Amino acid sequence: MSDSSPLLSLPGAVFADAPDSAVAAHYGSIAAEQRRLVQGGTFVDLSHRDVVTISGPDRLTWLHSLTTQFLENLAPGIPTEVLLLSPQGRIEHGFAGIDDGETFWAHTEPGAGAALVAFLERMKFFMRAEVADVTADFAVIGLPGLTWRIVPRASLPGLPAELGDPVGLWAWEALRIEAGVVRVGLDTDDRTIPNEAGLLGVAVHLDKGCYRGQETVARVHTLGRPPRRLVLLHLDGSVDHLPPHGADVIHDDKVVGFVGTAARHHELGPIALALVKRNVPVDATLLADGVAAAQEVLVDPEAGLHVRPVLR
């Protein structure tokens, strides 16, 4: 994980909470920062995320064989989302990446880079590929449209002059949650399979060859009805707190899921992502850490080969 960002020295910067505490949550104007991120002419400091490189002539063929994504012959400059699964199909690692023709640049959650590098090193065998954690020298920034770029870490202090004043992580998180984009390890747990989190066709290519965990993904996709489903919770705006990560989601006095990430959206009010049991009625009002929440369905309870996983 990186040290605290130099952009925290800008006027009004307020530290975010763990695991994002190395960057600013906001710079003093929360709703306005979200609107600026929608409109453009700004950026988000995501330099707390870990950056990993995979280089060498076999890098894409090798990654293709290990991961859920179709990476063979990936054209330079095309961003992609990638998962590594357990043999049982559960998500173990998730990262976004882009190839520049010589190196595949990946970024993952704060503190997750070392485990990702260790896993890849164990799986390298005789492949001509080199894996490195380069977080100390490179950083991620977010751009309007929930896009991103990897830049030299030393360039961070000069970015406001180039891209405009930054907005805080809370602006990014609110728009990400609204879009139903999960953070692996926060909106997922150690039992999550991609089918539950709306990741088929996003981070999972359904027309590629064998990879670890594929059998589970394919079986649930073919038969439909994943055990759990991702929902967007519209939280009661009269309550003065957001449910914390991991808070129980309750229906009929029973725990039916957990809250992943939550944020205050400049138009929608307080929102959160949650994983709930498939059989929870889609029109039921839920409780998240005692806060009433209406559901917006992101993954259909019947999601599978003949039912599109995303209803929005």
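FYI, it's all coordinate maths here, none of it is from the lab. Treat the numbers as computed from the prediction; the structure is a model and nothing was measured. For neighbour counting, all protein chains shown are included, and Cβ atoms are generated from backbone atoms with ideal geometry for every residue, glycine included.
Search the structure for amide H atoms under 5 Å from the amide H of V256, placed 1.01 Å from N in the peptide plane, and list their residues when 5 or more places away or on another chain.
For V256, the qualifying residues are V249, I250, H251.
Go through region 84-180 and name the GluC sites (Glu not before Pro) that are in a DSSP coil and have 14 or fewer other Cβ atoms within 10 Å of their Cβ. Display every interim value, and only then the final one.
Working: sites: E92, E102, E121, E130, E162, E173, E178; in loops: E102.
Counting only loop positions with at most 14 other Cβ atoms within 10 Å, the GluC sites (Glu not before Pro) in region 84-180 are E102.
Using only the Cα atoms of region 77-197, build the gyration tensor, take square roots of its eigenvalues as a ≥ b ≥ c, and label the shape rounded, prolate or oblate: rounded if a/c is under 1.5, else prolate if a/b is larger than b/c, else oblate. List each step's numbers first, then the result.
Working: a/c = 2.18, a/b = 1.24, b/c = 1.77.
In terms of gyration-tensor shape, oblate.
Which residue, chosen from G198, T285, V231, occupies the Cα position most advanced towards the positive end of the dipole of region 178-312, where the dipole is computed from +1 (Lys, Arg) and -1 (Asp, Glu) charges on Cβ about the Cα centre?
Result: G198.
Give the long-range amide H neighbours of H205: residues separated by 5 or more places, or on another chain, with amide H under 5 Å away, using H modelled in the peptide plane at 1.01 Å from N.
Q69, F70
About the Cα centre of the chain, how large is the charge dipole given +1 on each Lys and Arg Cβ and -1 on each Asp and Glu Cβ? Please answer in debye to the nearest 20. Walk me through the numbers before you get to the answer.
Working: 25 positive and 39 negative charges, 144 e Å.
Charge dipole of the chain: 700 debye, to the nearest 20.
Let me check I've understood the local charge: for A174, count other residues with C-beta under 11 angstrom from its C-beta, Lys and Arg +1, Asp and Glu -1. What total comes out?
Values: positive: R35, R176, R264; negative: E33, E173, E178, E267.
Summing Lys and Arg as +1 and Asp and Glu as -1 gives -1.
Gain in length, H241 to E215, computed as 0.36 nm per residue apart minus the alpha-carbon separation, to one decimal in nm?
Working: separation 26, 0.36 × 26 = 9.36 nm, distance 4.10 nm.
Residue separation times 0.36 nm, minus the Cα-Cα distance, leaves 5.3 nm.
Shape of the chain from its Cα gyration tensor (a ≥ b ≥ c, root eigenvalues): rounded if a/c is under 1.5, otherwise prolate when a/b > b/c, or oblate? Write down the numbers at each step before the final one.
Working: a/c = 1.97, a/b = 1.04, b/c = 1.88.
It is oblate, given that a/c is not under 1.5 and a/b is not larger than b/c.
What do you get for chymotrypsin sites (Phe, Trp or Tyr not before Pro) in region 90-185 restricted to DSSP loop and a cutoff of at most 12 other Cβ within 10 Å of the site's Cβ?
Taking region 90-185 and a limit of 12 other Cβ atoms within 10 Å, the loop chymotrypsin sites (Phe, Trp or Tyr not before Pro) found are F125, F126.
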